Amino acid sequence: ATVEPDSKIDCHVATFPTIDGPAPACAGNALSWSVANVDPTLTLNLDGITDTERAAITKAVDAEAAHAADYPADTYFGSKVLYRDAQLLAIASALHDKTAFDQVAARLAPALKTWTEPTGCATRTDHCFVYAPDWSGVVGLTPSFGSDVFNDHYFHYGYLIFAATIAVKEGIVDQSAVAPVIDALVADIASPGTKQVPTTRAF
């Protein structure tokens with residue numbers, strides 16, 4: 001960040017200790033700064049890696065892809081493992097590592113299909129979501145860390161939203177298949193407010 005102190009600010013008032021040494025304390029009534037924008041990216045950028053780095057990353061991805069993690073039933077650990085595999089899928093795709101890609105896709109696609117089945121909770125008590133009218137939002141059955149009382153939805157559901165986004169981008173699931181549940185999760189954590197998910201839903 002670039003800090004532009006006002007010319008009227010007096011930075012000779014005092015100093016205070018920091019881990020980088022003494023820092024000046026300034027007195028004034030205005031301070032402004034600017035920070036360069038950084039465009040967000042969906043996946044890790046592997047541009048510019050060396051051949052040695054590529055080989056090391058590929059070896060690590062192959063090892064992780066071959067190690068099929070269980071998909072827990074709850075909204076936190078379950079979604080987190082989906083996120084992990086989506087990251088692996090994206091990296092394998094960037095490396096053109098078809099073996100690792102196919103290994104991850106073979107388990108990620110059916111897991112996402114299960115989690116995003118709109119009527120899944122009608123036949124099971126895990127790996128599914130329902131709209132909870134008493135809470136005015138979406139709740140995953142087999143909750144964790146209080147997600148059944150609206151705690152931590154933004155990152156529980158964020159993991160799953162990311163995983164589905166990568167899976168659609170990489171062509172291993174159809175957008176139309178995951179959209180109903182994923183759209184409901186997005187509304188739950190990011191809607192500015194509707195009748196179904198009012199602005200005060202988290203309270």
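The values are calculated or read from the model by the stated rules, or taken from the named source; none is laboratory data. For clarity, every value in this text was computed on a predicted model and none was experimentally measured. Every residue, glycine among them, receives a Cβ derived from its backbone with ideal geometry; neighbour counts consider all protein chains shown. Calculation scope for accessible area: heavy atoms of the full protein, side chains included, ligands and nucleic acids excluded. Shrake-Rupley method; radii C 1.70, N 1.55, O 1.52, S 1.80 Å.
The table below lists the values:
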| read-out | value |
| --- | --- |
| Where THR58 falls short, out of the listed (1) under 23 Å from ILE172 (Cβ atoms); (2) in contact (Cβ under 8 Å) with a residue 60 or more places away in the chain | (2) |
| Matching option when the condition is crowded, with 18+ Cβ neighbours inside 10 Å and free of Cβ contacts under 8 Å to residues at least 40 places away in the same chain, among VAL130, VAL104 | VAL104 |
| Single residue of the stretch 110-123 satisfying the filter (open to solvent by less than 20 Å² (accessible area, probe 1.4 Å) and part of a helix (DSSP H, G or I)) that is farthest from ALA63 (Cα to Cα) | GLY120 |
| Residues of the stretch 180-202 classified as open to solvent by less than 60 Å² (accessible area, probe 1.4 Å) and either basic (Lys, Arg) or in contact (Cβ under 8 Å) with a residue 40 or more places away in the chain (or both), total | 9 |
| Out of ASP126, ASP134, sole residue that is acidic (Asp, Glu), under 18 Å from LYS80 (Cβ atoms) and in a loop (DSSP other than H, G, I, E, B) | ASP126 |
| Residue satisfying all of: in the stretch 133-149; open to solvent by less than 20 Å² (accessible area, probe 1.4 Å) and under 11 Å from ASP188 (Cβ atoms); modelled with the lowest pLDDT among these | SER147 |
| Single residue of ALA25, ALA73, ALA69, ALA65 found to be touching a Cys at 6+ places or on another chain (Cβ under 9 Å) and open to solvent by less than 40 Å² (accessible area, probe 1.4 Å) | ALA25 |
| In the stretch 37-62, the residues that are touching a helix residue (DSSP H, G or I) at 6+ places or on another chain (Cβ under 6 Å), at pLDDT 95 or above and surrounded by fewer than 20 Cβ atoms within 10 Å (Cβ to Cβ) | ASP62 |
| When residues of the stretch 153-179 are limited to those that are over 13 Å from the mean Cα position of the chain (by Cα) and among the small types (Gly, Ala, Ser), the one most open to solvent (accessible area, probe 1.4 Å) | SER176 |
